[in-house]
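The values are calculated or read from the model by the stated rules, or taken from the named source; none is laboratory data. Not measured: the values here are computed from a predicted model. In this analysis, Cβ positions are derived from the backbone assuming ideal geometry, glycine residues included, and neighbour counts consider all displayed protein chains.
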Amino acid sequence: MDKPVKYIYQIRSRNGVIVNNLQIYGRTEEEAREKLLQMYRHCEILDYGVATVEYSANSSYEEILDVISKD
């Protein structure tokens with residue numbers, strides 16, 4: 001089984017509101033898109049990308065705190 005990947009979307013909802021940085025997990029982009037369209041029916045997908053954050057197994061306590069405290 002494939003490991004889920006986090007896809008990041010920018011959408012325009014059906015009432016015109018733009019939603020940035022909408023993050024959805026999926027094994028494929030198609031799966032993530034299906035989940036997105038179930039939650040936001042009739043939305044327009046403006047942009048999407050893949051989150052590429054990788055963490056070392058040897059991360060220090062300070063590195064982990066830095067990741068948690070970032071926006």
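Taking the criterion of being loosely packed, with under 10 Cβ neighbours inside 10 Å and within 16 Å of D47 (Cα to Cα), the only residue of region 1-16 that qualifies is G16.
Summed over region 37-63, the residues that are assigned to a helix (DSSP H, G or I) and either basic (K, R) or at pLDDT below 70 (or both) give a count of 1.
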